[in-house]
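The structure appears right after this line, and notes come after that.
Nothing in this text is a laboratory measurement; each read-out follows from the coordinates by a stated rule. Note that the structure is predicted; figures quoted are calculated from it, not measured. All Cβ positions, even for glycine, are placed from backbone atoms using ideal geometry, and neighbour counts span all protein chains on display.
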Amino acid sequence: MNIKMLSAAVAALAFTSAAQAQSAGSIMLGTGWIHEAPQSSSDPLVTYSVNGNVVNQASPGTGATVPGSDTLGVNATYFITDHIATEFVFGIPPKFELDGTGGLQSFGKLGTVKEWTPTLLFKYYFAGAESKLRPYLGAGVAYTWFTGGQITNGAFQQTIGGPGSTSNVTATAAWSPVFNAGLSYQFTKHLYGIVSLSYLKMKTTATINNSSALTGLNVVEKANIKLNPIVSYVSLAYRF
């Protein structure tokens with residue numbers, strides 16, 4: 001009888017230990033700081049059309065770049081097995097600047113745009129489910145779209161469309177592959193610290209529509225921009 005009771009106690013302890021780890025069926029919710037550092041470059045700015053007439057005239061030596069930005073991120077992770085997990089990551093849309101380069105560098109900041117990049121990852125965790133420190137590798141996909149684009153540089157606007165010009169900017173949405181690596185550390189029974197780096201292969205086409213009420217001129221400019229950001233994410237997560 002004592003042996004049976006001891007066996008039951010050991011089994012219960014083993015179940016409790018597994019339930020307290022990053023094991024199959026575990027759910028984690030987290031939040032933290034995201035820094036996105038685009039490794040940006042662009043093709044020359046192209047005058048696509050003038051008053052509706054397509055011209056496709058490139059301006060050699062011109063271009064644009066996108067500096068880094070910070071935002072608050074949230075993530076939800078589900079462990080399919082003790083080693084395989086799926087994770088959804090989303091950040092409050094950060095605002096990015098669009099800066100001129102080459103022949104446009106003298107203008108400095110050309111405008112701003114907000115970026116939305118929800119990301120789905122599949123991750124493989126090394127070490128045992130009960131380990132405090134667990135490195136992981138992941139891969140997945142992100143869908144990026146842009147809102148609130150605006151050209152804020154009056155001198156740039158007038159150079160394109162003449163006096164009294166106003167502009168708006170849009171950018172194409174796109175799917176991007178994501179490559180991810182990170183570390184998870186268990187502080188308490190439920191609290192985890194997570195540090196990760198991700199690389200996204202991302203590009204977009206920015207379109208600037210410039211119109212002048214004074215001259216009646218409408219000019220559409222386009223630029224293909226490679227963003228390819230490296231994304232750092234430091235978060236705290238609670239395991240249920």
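Given a Förster radius of 30 Å and the C-beta distance between TRP33 and GLN105 as r, what FRET efficiency does 1/(1 + (r/R0)^6) yield to the nearest 0.05?
Numbers: r = 30 Å, r/R0 = 1.02.
Efficiency computed from Cβ-Cβ geometry: 0.50.
Can you list the trypsin sites (Lys or Arg not before Pro) in the stretch 156-240 that are in a DSSP coil and have 11 or fewer other beta carbons within 10 angstrom?
Values: sites: LYS189, LYS201, LYS203, LYS222, LYS226, ARG239; in loops: LYS189, LYS201.
Here the sparse-neighbourhood loop sites are LYS189.
How far apart, in nm, are the 7 Å Cα→Cβ label points at TYR143 and PHE90?
Each label point lies 7 Å from its Cα, and together they span 1.1 nm.
In nm, to one decimal, how far is the THR170 label point from the ASN228 one, both placed 7 Å along Cα→Cβ?
Those two pseudo-labels are separated by 2.8 nm.
Among the listed pairs LYS114/LYS222; LYS95/LYS123; LYS123/LYS226; LYS114/LYS226, which have their C-alpha atoms separated by more than 24 angstrom in this model? Display every interim value, and only then the final one.
Numbers: LYS114/LYS222 18 Å; LYS95/LYS123 28 Å; LYS123/LYS226 26 Å; LYS114/LYS226 16 Å.
Table pairs above 24 Å Cα-Cα are LYS95/LYS123; LYS123/LYS226.
Rounded to whole Hz and in sequence order, give me ³J(HN,Hα) for the stretch 176-183 from the Karplus expression 6.51 cos²θ - 1.76 cosθ + 1.60, θ = phi - 60°, writing x for Gly and Pro.
For the stretch 176-183, the Karplus-derived couplings read 9, x, 10, 10, 9, 8, x, 9 Hz, x marking Gly and Pro.
To the nearest 20 debye, what charge dipole does the stretch 22-239 have about its Cα centre, counting +1 at the Cβ of each Lys and Arg and -1 at the Cβ of each Asp and Glu?
Working: 12 positive and 10 negative charges, 58 e Å.
For the stretch 22-239, the charge dipole is close to 280 debye.
Using θ = phi - 60° and the Karplus curve 6.51 cos²θ - 1.76 cosθ + 1.60, what whole-Hz ³J(HN,Hα) does each residue of the stretch 86-97 get, with Gly and Pro shown as x?
Running phi through 6.51 cos²θ - 1.76 cosθ + 1.60 with θ = phi - 60° gives 10, 9, 10, 10, 8, x, 4, x, x, 9, 10, 8 Hz.
Quick check: from the Cα gyration tensor, does the stretch 22-239 come out rounded (a/c under 1.5), prolate or oblate?
Details: a/c = 3.29, a/b = 3.02, b/c = 1.09.
Taking the square roots of the gyration eigenvalues as a ≥ b ≥ c, the stretch 22-239 is prolate.
Where in the stretch 127-161 does the amide nitrogen come within less than 16 Å of the point 7 Å from the Cα of ASN218, taken along Cα to Cβ?
Output list for this probe position: 161.
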